[in-house]
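Input: a single structure, listed below in structure tokens.
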Amino acid sequence: MSVLGRPHLPSFGGATEWLNSEPLGPAELDGRVVLVNFWTLTCINWLRQEPYVRAWSQGYRDDGLVVIGVHTPEFTFEHETDQVRQALTARGIDYPVAIDNDYGVWRAFDNHYWPALYFVDADGVIRDQYFGEGRYEKSERVIQQLLGIERDLVPVEGRGVEAEADWDHLRTPETYLGFERGEHFASPNAAVLDERRAYEPPETLRLNQWALAGEWTIDAEKTVLGRAGGSIVVRFHARDAHLVLSPGAREPIPFLVLLDGEPPGRSHGVDVDEDGNGLLQDGRLYQLVRQHDAVRERTLQITFGEPGAEAYAFTFG
């Protein structure tokens with residue numbers, strides 16, 4: 001539906017569940033300015049955008065703004081509503097969130113991106129949209145314009161995984177570890193779909209290559225460890241290194257991270273201590289490395305102490 005050539009706010013009827021709110025529709029949103037944010041809990045781009053969306057929700061709700069998050073999963077385990085609830089708690093999200101496990105809301109908006117923002121005026125007309133990170137000042141000014149107010153921008157500071165990427169030194173792209181979208185796999189014995197087999201890393205890795213060591217099964221969207229002691233190794237150039245992980249149906253799995261064969265020390269991420277120790281407890285993005293010295297090319301190795309670890313994608317910042 002469109003109004004004077006502009007699209008109208010689609011229905012949220014495709015949502016399978018709502019968190020932080022009863023279901024919202026035209027009656028509840030009539031006369032309200034709405035910001036719709038599509039996200040998925042492991043997306044590093046959304047994680048770095050989220051402090052802004054959270055600040056806007058808190059800063060403008062008394063002026064009439066309603067922020068609605070739409071959680072549309074990318075990976076299979078992200079369909080689990082308990083995982084989304086944990087993400088809401090971890091990020092301090094108190095605005096309404098529609099669970100879009102069947103992609104009904106995604107299709108209604110004809111959306112194609114995580115994250116995506118849709119800015120809707122009080123008449124229910126989509127006045128602006130933006131995909132990905134960035135453009136924060138303009139986006140907030142759009143919100144103010146739709147609300148009919150003008151004032152200083154709300155303060156925002158991203159910390160931990162929410163901190164803005166070091167774009168000037170980011171030279172390694174998102175790297176999927178499943179067979180369907182995996183690239184730059186460097187183990188000498190090539191990847192085989194849905195077959196448990198032993199892998200080993202090459203003697204050296206070139207920048208942006210990754211490899212396996214130990215017994216793994218590579219399926220369409222992830223690699224799964226079959227025997228304790230298996231490792232994933234990647235050569236990267238970025239300040240931050242993250243890995244989307246899930247323990248599957250198993251108990252928590254300890255892991256060890258090394259940088260160039262040594263404990264990370266001050267360059268450990270928020271999910272790892274200085275000695276490189278971490279614990280895989282639930283499905284989410286884990287920050288393994290944050291370099292505090294000059295950013296340079298490094299080799300990261302993560303080794304799991306128990307079988308069952310599921311690894312989906314490296315992301316960098």
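The values are calculated or read from the model by the stated rules, or taken from the named source; none is laboratory data. All values reported here derive from a predicted model rather than from experimental measurement. Glycine also receives a Cβ, built like all others from the backbone with ideal geometry; neighbour counts cover every protein chain displayed. When the accessible area is computed, the model is the full protein with side chains, heavy atoms only, and any ligands, DNA or RNA have been set aside. Shrake-Rupley method; radii C 1.70, N 1.55, O 1.52, S 1.80 Å.
Evaluate E = 1/(1 + (r/R0)^6) for Thr217 and Asp166, where r is the Cβ-Cβ distance and R0 equals 51 Å; express this FRET efficiency to the nearest 0.05. Plugging the Cβ-Cβ distance into 1/(1 + (r/R0)^6) gives 0.90. Counting only Cβ charges, +1 for Lys and Arg and -1 for Asp and Glu, the dipole size of the range 22-176 around its Cα centre is about 160 debye. With r as the distance between the Cβ atoms of Tyr103 and Asp82 and R0 = 30 Å, compute the FRET efficiency 1/(1 + (r/R0)^6) and round to 0.05. Between Asp82 and Tyr103 the formula returns 0.90. Put a plus charge on the Cβ of each Lys and Arg, a minus charge on the Cβ of each Asp and Glu, and nothing anywhere else: the dipole of the chain about its Cα centre is then about 480 debye. Length gained on full extension, Leu279 to Asp260, computed as 0.36 nm times the residue gap minus the Cα-Cα distance: 4.8 nm. Of the solvent-accessible surface of the chain, computed with a 1.4 Å probe and all protein chains present, 45% belongs to carbon and sulfur.
Rg ratio for the range 187-241: its Cα radius of gyration over 2.2 N^0.38 Å, N being its residue count, equals 1.15. Per residue, the chain exposes 45 Å² of accessible surface when a 1.4 Å probe is rolled over the protein heavy atoms with every protein chain present. Label-to-label distance, Ile149 versus Phe131, with points set 7 angstrom from Cα along the beta-carbon direction: 3.1 nm. Here the range 103-222 is treated with +1 on each Lys and Arg Cβ and -1 on each Asp and Glu Cβ, and its dipole about the Cα centre works out to around 120 debye.
In degrees from 0 to 90, rounded to the nearest 10, what is the angle of the helix 81-91 Cα long axis to the longest principal axis of the chain? Helix 81-91 sits roughly 80 degrees off the main axis of the chain. What whole number of Å gives the distance from the Cα centroid of the range 206-279 to the Cα centroid of the range 15-77? Centre-to-centre distance over Cα atoms comes out at 31 Å. Shown here is the pair-distance distribution of the range 86-216: with all Cα-Cα distances grouped in 10 Å bins from zero up to the longest one, the shares run 8, 24, 28, 23, 12, 5, 0 percent.
Panel note: the C-alpha atoms of the chain, placed on their principal axes, show extents of 62, 40, 33 Å (largest first). Note on the range 1-124: dipole from Cβ charges, positive end direction compared against His112, Gly13, Leu24; the farthest Cα belongs to His112. Per residue, the convex hull around the alpha carbon atoms of the range 107-179 comes to 142 Å³.
Set the Förster radius R0 to 51 Å, insert the Cβ-Cβ distance between Glu28 and Val270 as r into 1/(1 + (r/R0)^6), and round the FRET efficiency to 0.05. The computed FRET efficiency comes out at 0.85. Stretching the chain fully between Asp293 and Ala198 yields a gain of 30.6 nm (0.36 nm per residue, less the alpha carbon separation).
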